[in-house]
Amino acid sequence: MMAMSPIPTIVHLTIQEARRRRVLAAGLLGGCAFLAVFGVAIGFAHADMVRSGTSFVERQAFLTLFTIAGFYAINFLSVLLAVLLPVDALSGEIDSGVMQTVASKPIRRADIVLGKWIGYLIIMAAYVGLLSAGVLVAGRLAAGYVQLYVARGLALMLLEIALLLTVSIAGGTRLSTVANGILGLGFYGMAFIGGIVEQIGGLAGVPSARTIGIAVSLVSPPDALWRMAAYHMQPSIMRGFVEGPPFLVSASVPNALMLWWAIGFMALTLAWAVRSFQRRAL
Amino acid sequence: MSETAIATRGLQKRFGPTLAVADLSLSVRAGEAFGFLGPNGAGKTTSIKMLLALVEPSGGTGTVLGAPLGDRAVRARIGFLPEHFRFHEYLTARELLRFHGRLYGLRGLPLDARIEDLLVRVDMLDAADRPLRGYSKGMLQRTGLAQALINDPALVFLDEPTSGLDPLGRLLVRDIVSELRARGTTVFVNSHLLGEVEATCDRVAFVKQGRVIHELALAGAPAGLELEMRVRPVDVEVVEGLGRFGTSVTVVGDNCVRMRVSGEHVIPDIARWLVERGVSVFALQGRRKSLEEWFVEVMGTDQRPG
């Protein structure tokens, strides 16, 4: 009777539940509003550049930056959603008593954590994929621009989102919903500030600032992943330039070790979440 | 099946400095309906949670259906209705039962058939496809009860099963517990409604400060009767003579005597003995002590309302 894994059942319920959450509806609404603004803005900008006789290369460089800015907006919306959507995935069900009924079944508690993690990951991947497709289609339709360097950047964005939702789920094994939300946003906030410090250090040639920024990224890697994503979305010819907003054009690009560190960080956080939930009194 | 459904020895749970369950030593026989009674804060719910592996014991040992606490294979044979049953309100009763059935590994037609049977049994068939958010407290409780039985358990824990139910709902729960007993299912009931426990359970344990302080068999009449009689005259000879039929012979007023006897079968002997001695008998009434009275007596007068 226990041959089949209960994880798909938990995944299904998690997706079913998330679909009904207002925070996802708000995220989708915000995403649609953003896409509308993005499409109109890139269309008008492109028309202006054509009218003013801007060269093709300059137009392409601008449209690339503009598209990366679009991805940055998607990244930001996704970060919020990745923290807030699963914020009460475990804590809320523990507080309400729902978890007692589920955890008393012949399943491992790890199945519950993993099922929820996979469920939210599927939702977030769909969200990022949908909005990313929206940005690419809007750029193509409004400005005839085709962004070529997307795959690696999107993969890095997804890793960043996966890491944040892992932190949110892990926090939910011990913290109340509100405290967990604050932890998740604080975790990202720290990464963001660390990223800015690292960029300023890189731009101004201050090694200590850069070192501090890198150290913060080790504690909280999400922003480093975004900067890697933004770097890989640029054509190789643009990557040496540092003119532009620091969150789009990187003066200090994390190396591949940071990628492996982020993957390891996420795996360790997920393992901790499982262990913490296993020991939690329900 | 093991003869003993639940056996614990010195089970203990400590939350920081608070000792929630001090020393739970308990034995529940397979196939019996067992009442778990105690005042608020006695550690009843924590005890159930330890038996279900929802809470890890701080000390002691225990087995459920012959396996150590928390055994996953055994949990497939256990049903549980928690106190204040709640679930995702957007689900319908049918979806909820399907979800829980799948967690037990049930699939396809057998699961559908089981859901249908249970919906009929708890009288929820007509509301089965409506979201839980529109349910009354009683409907939620009945749905929770169906959830606890979805796997046709060998042992079912019911934590306050009649909470929020109207008299008809309580009757339904009582009938279901009787059916479960008849089928050999062990039923572990935690309830404040002593009348319900009295009507459904074979045996009860009284818990105080996380310890079983008394056990009582309700089936049969081992608890005895309290006998009250109005007779004349009441003299020393009569009082001493009544002593051989029972215990605690007390004169409580003019011509009124109370005593404890082992059962109804003693009453004709007492009546005969009194008449033979020329004592006039005006009334002779046996009264079984209610579970509520037992509760008050066992818990002691130091107990305050919870």
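The values are calculated or read from the model by the stated rules, or taken from the named source; none is laboratory data. Please read all numbers here as calculations on a predicted model, not as lab measurements. Methodologically, a virtual Cβ is constructed for each residue, glycine included, from the backbone with ideal geometry; neighbour enumeration extends over all protein chains shown.
Among the residues that make up the range B:132-149, is at least one of them surrounded by fewer than 17 Cβ atoms within 10 Å (Cβ to Cβ), under 30 Å from B:S47 (Cα atoms) and touching a Lys or Arg at 6+ places or on another chain (Cβ under 9 Å)? The answer is no, given that none of the residues of the range B:132-149 is surrounded by fewer than 17 Cβ atoms within 10 Å (Cβ to Cβ), under 30 Å from B:S47 (Cα atoms) and touching a Lys or Arg at 6+ places or on another chain (Cβ under 9 Å). Within the range A:163-178, if we keep just the residues that are buried (at least 23 other Cβ atoms within 10 Å of the Cβ) and of a type in the set (G, A, S), the residue that is nearest to the chain's Cα centre (by Cα) turns out to be A:S168. Do you know which residues across the range A:82-133 are acidic (D, E), buried (at least 19 other Cβ atoms within 10 Å of the Cβ) and in contact (Cβ under 8 Å) with a residue 12 or more places away in the chain? The answer is A:D88, A:D111.
Do you know which residues across the range A:22-43 are within 21 Å of A:A125 (Cβ to Cβ) and out of contact with any Gly (no Cβ under 9 Å at 6 or more places or on another chain)? Hits for the range A:22-43 are A:R22, A:V23, A:L24, A:A25, A:A26, A:G27, A:L28, A:L29, A:G30.
Only one of the numbered conditions (1) touching a residue at least 40 places away in the same chain (Cβ under 8 Å); (2) surrounded by fewer than 15 Cβ atoms within 10 Å (Cβ to Cβ); (3) within 14 Å of another protein chain (Cβ to nearest Cβ) is not met by A:R22, and that is (1). Applying the criterion of being more than 16 Å from B:L54 (Cα to Cα) and of a type in the set (A, V, I, L, M) to the residues of the range B:80-100, the residue that is surrounded by the most Cβ atoms within 10 Å (Cβ to Cβ) is B:A93. All conditions but one from (1) at pLDDT 85 or above; (2) assigned to a loop (DSSP other than H, G, I, E, B); (3) not hydrophobic (A, V, I, L, M, F, W, C) apply to A:Q278; the one that does not is (2). How many residues, within the range B:110-122, are closer than 18 Å to B:R174 by Cβ and surrounded by 15 or more Cβ atoms within 10 Å (Cβ to Cβ)? Residues in the range B:110-122 being closer than 18 Å to B:R174 by Cβ and surrounded by 15 or more Cβ atoms within 10 Å (Cβ to Cβ): 3 in total. Looking at B:G60, is it surrounded by fewer than 24 Cβ atoms within 10 Å (Cβ to Cβ) and more than 7 Å from chain A (Cβ to nearest Cβ)? Criteria met by B:G60.
Kindly establish whether B:G169 is surrounded by fewer than 20 Cβ atoms within 10 Å (Cβ to Cβ), away from chain A (no Cβ under 12 Å) and in contact with a Gly (Cβ under 8 Å, 6 or more places away or on another chain).
no
Screening the range B:73-166 for helices (runs of 4 or more DSSP H) wholly inside it with 1 or more residues that are facing another protein chain (nearest Cβ under 9 Å) returns the ranges B:93-103, B:137-148.
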